[in-house]
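Data first, discussion second: the structure below is written as structure tokens.
The values are calculated or read from the model by the stated rules, or taken from the named source; none is laboratory data. Being a predicted model, the structure only gives us computed values, none of them experimental. Cβ coordinates were reconstructed from backbone atoms using ideal geometry, including for glycine residues, and neighbour counts include every protein chain displayed. To get the accessible areas, we keep the full protein, side chains included, count just its heavy atoms, and leave off ligands, DNA and RNA. Shrake-Rupley method; radii C 1.70, N 1.55, O 1.52, S 1.80 Å.
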Amino acid sequence: MAYALTTSGDKRLNEMNRLGDMLHFPAAVNAGATLNVLLTVAATWYVEPRYPSLGGVWVALVLLVNLTPVFLLRLTLRPETLYPMLREMNFFTDQHKFSDWVYVAASADMAFWILLAWTLSALHRDTSTLVLLECVALLATFSPVILRSVGLVRS
């Protein structure tokens with residue numbers, strides 16, 4: 001069996017075929033995703049005590065808000081659409097150009113953070129728990145940039 005000699009960083013957005021490819025996004029893309037998660041965790045912390053029985057509705061609403069622009073922008077894709085290399089993508093202009101499975105993975109990740117925030121808010125609601133959760137979410141979501149900056153991953 002022959003293997004391609006290209007690295008993940010040499011792939012285009014629509015060629016992504018493994019989670020490890022996400023290690024090659026520009027820092028601005030990781031920062032945008034991280035900010036989205038952090039804001040969602042904070043919003044979840046605010047919403048949970050006001051509507052404690054609507055956790056599933058909240059997950060669905062957040063995913064709908066996150067995926068609607070992607071769905072609408074994907075309607076503009078044409079055979080001649082240019083797909084940038086992973087390391088060259090733009091957070092605002094290229095978010096709708098990923099392979100389909102990436103949106104499933106991103107939605108599962110967001111659902112994980114929402115459900116974790118919802119559960120912690122219900123079980124142990126204090127500022128230190130929220131701060132700790134936000135720190136963990138920041139480190140986990142921004143980890144590709146951190147790993148590259150310490151030389152553990154090549155871009």
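Some notes on this structure:
- In the range 135-152, the residues that are within 16 Å of Phe25 (Cβ to Cβ) form Cβ pairs under 9 Å with partners that are small (Gly, Ala, Ser) and open to solvent by 60 Å² or more (accessible area, probe 1.4 Å), at six or more places apart or across chains, as follows: Arg148/Ser155.
- Scanning the range 112-133 for residues that are loosely packed, with under 15 Cβ neighbours inside 10 Å and assigned to a helix (DSSP H, G or I) returns Phe112, Thr119, Ala122, Leu123, Thr127, Ser128, Val131, Leu132.
- Screening Thr44 with (1) under 25 Å from Ala111 (Cβ atoms); (2) surrounded by fewer than 13 Cβ atoms within 10 Å (Cβ to Cβ); (3) hydroxyl-bearing (Ser, Thr, Tyr) gives one miss only, at (2).
- In the range 44-102, residue farthest from Met16 (Cα to Cα) [restricted to those that are assigned to a loop (DSSP other than H, G, I, E, B) and of a type in the set (Asp, Glu)]: Glu48
- Qualifying position, being free of Cβ contacts under 8 Å to residues at least 60 places away in the same chain, within 24 Å of Ser149 (Cα to Cα) and not hydrophobic (A, V, I, L, M, F, W, C), among Arg18, Arg87: Arg18
- Counting only residues that are under 16 Å from Lys11 (Cα atoms) and either of a type in the set (Gly, Ala, Ser) or in contact with a strand residue (DSSP E or B) (Cβ under 6 Å, 6 or more places away or on another chain) (or both), the range 86-116 holds 1 of them.
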